[in-house]
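Everything on this sheet refers to the single structure shown next.
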Amino acid sequence: MDRICEVANLTKIRHIIGPALRRYSNLEKSFNISDYRVQAHKQSDQWESIAKALLAGYSDNVFVSMRELQEKNLLFARYKDTEDIAVLDIKSTLTRPIKQEPVPLVVARDVFYSTAVRSRAIISFVGEIKLDWMNHSIKREFRLTAEEETYLNSNNRYGNVRQLYPNNIQMLLSNKTLKLTGRSDVVLNAELQLRKEMITELTFKLENHYSANTTEYKNLADNLEKVSKMPNIFHPMIWRWETEKQVKITVDNNTSAKTCDIKVVGRPSEIAKVKQEFDSFLSWLSNCAVLRDPDSGKKIGI
C-alpha cells in the first residue's frame, strides 16, 4: 500500500485509502452472500412500469446508441445533448459483442465521469426502453452539409417525412440545420427516419488521371494492377468506416480493367470523406515504387 501511494503521489491521504479499501472488501464479502445474490437476481416482470417511472424522474438520462445516429458502435449519446458521449458499464448485462448490434435505447440511473477519461461518461444501472415509453418534450438540432440539405429537399424526401407527423412535431430545415421539437418518442422516430432518407450511394473506379509518360502515371498503372488482384487490403478500411460511421464500402476487383470497382453507401458528407481517402490512396500509389506482388509474395520495384 505504501509503495502504491508513493508512486501515485497519494502519500498524504494514505490514512484514508487504507480504511476505505478494508471497508470495500468487507462490503464486497457481505454482498456476495448467497441470500443477497439470490434476491438481486429476482425479477418482477414489471420492467415497463419501472422504466416509465424512471423516465419520469430521469428523462435527461435517456441514451441512444450512436449506431442509430450513424456514428460509432458501442458508444451511446445522451439524447438531450448528443455531444455528451457515454459507454455502458462493463458489468452491464446490456453490453454486446462488437459484431452484434447494440441495444438501441436505454435509460440510466447513474452517469459517472472518470477523472482519467473525461470525454465520455460511464452509465450504469441501465435498462433497455422502448421508443413509445418516452413522452417528455425535447428539442433536437443537428447540422447538415449543403449537399445533404439539398438531397433531403430533392424528390420530396423531407416533405414526405413531415407528412408522417403533421400535428405531433415541429420540423424546420434551413441554413444547413435540422430542428425538431415535440414529444421525445416522436422526435426520435422522425430523426431516425430523416437520417435514413439521407442515405445515398456512390460508385466509382480507382482511375489513373496522371499524364501519360510520367513517373506517377507508370507507378499508379503498375500498382493499380497489383491492387486489383488483392482487394482484401481494403478490409481494415471497410471495417473502420462501418464501425465508426455506419458507411458500407464494397470493393470488387476488376482485373480486365486492371483496377477496382468501389461502391459506398452512407450519408453524402461521409461518402465525400471516403472518396477523399481513396483519392489519397491513389496519390500514395503514384509515388510508391515498391509494392508487394500478390502472386509471388516478393517485393518488386526499382
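Quick note: the coordinates plus some simple rules give every number you see, no bench work behind them. Note that the structure is a prediction, hence the values are computed from the model and not measured. Note that we place each Cβ from the backbone using ideal geometry, even for glycine, and neighbour counts take in every protein chain shown.
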- Taking Cα atoms only, helix 14-31 is inclined relative to the longest principal axis of the chain by an angle, in degrees rounded to 10, of 80
- With unit charges on the beta carbon (Lys/Arg positive, Asp/Glu negative), name the residue among Y217, L285, C260 whose Cα is farthest towards the positive pole of the charge dipole of region 200-300. L285
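How large is Rg over Rh for region 12-157, taking Rg from the Cα atoms and Rh as the Kirkwood inverse mean of 1/r across Cα pairs?
Details: Rg = 19.8 Å, Rh = 18.3 Å.
Ratio value, two decimals: 1.08.
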- Task: Binning at 20 Å from 0, report for the chain what percent of all alpha-carbon pair distances ends up in each bin.
- Result: 24, 42, 29, 6, 0
- Can you tell me the 0 to 90 degree angle between the C-alpha axis of helix 47-58 and the longest principal axis of the chain, rounded to 10? 90
- Violations at 23 Å Cα threshold for listed pairs K52/K196; K130/K196; K72/K205; K99/K275 -> K52/K196; K72/K205; K99/K275
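Let me know the charge dipole size of the chain about its Cα centre in debye, to the nearest 20, where only the beta-carbon of Lys, Arg (+1) and Asp, Glu (-1) is charged.
On the way: 45 positive and 38 negative charges, 145 e Å.
Computed about the Cα centre, the dipole is about 700 debye.
Among DSSP beta bridges lying fully in the chain, give the percent that are antiparallel, nearest 5.
90
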- Message: Using all alpha carbons of region 138-228, what is the percent of pairwise distances in each 5 Å bin, ordered from the shortest bin to the longest?
- Response: 2, 12, 19, 16, 9, 5, 5, 7, 8, 8, 6, 3, 1
- Under the helix-only model (-39500 (n - 2.57) for each DSSP H run of 4 or more, divided by the residues of the chain), the mean residue ellipticity at 222 nm, to 500 deg cm²/dmol, is -12000 deg cm²/dmol
- Message: Please state the shape class of region 64-148: rounded when a/c is under 1.5, otherwise prolate if a/b exceeds b/c and oblate if not, all from the C-alpha gyration tensor.
- Response: rounded
- Message: I need the phi-derived Karplus couplings for region 129-143: 6.51 cos²θ - 1.76 cosθ + 1.60, θ = phi - 60°, integer Hz, Gly and Pro marked x.
- Response: 10, 9, 4, 7, 7, 8, 9, 7, 7, 7, 10, 10, 8, 9, 8
- Considering the alpha-carbon set of region 200-300 alone, what are its Rg and its Dmax in angstrom? 13.9, 41
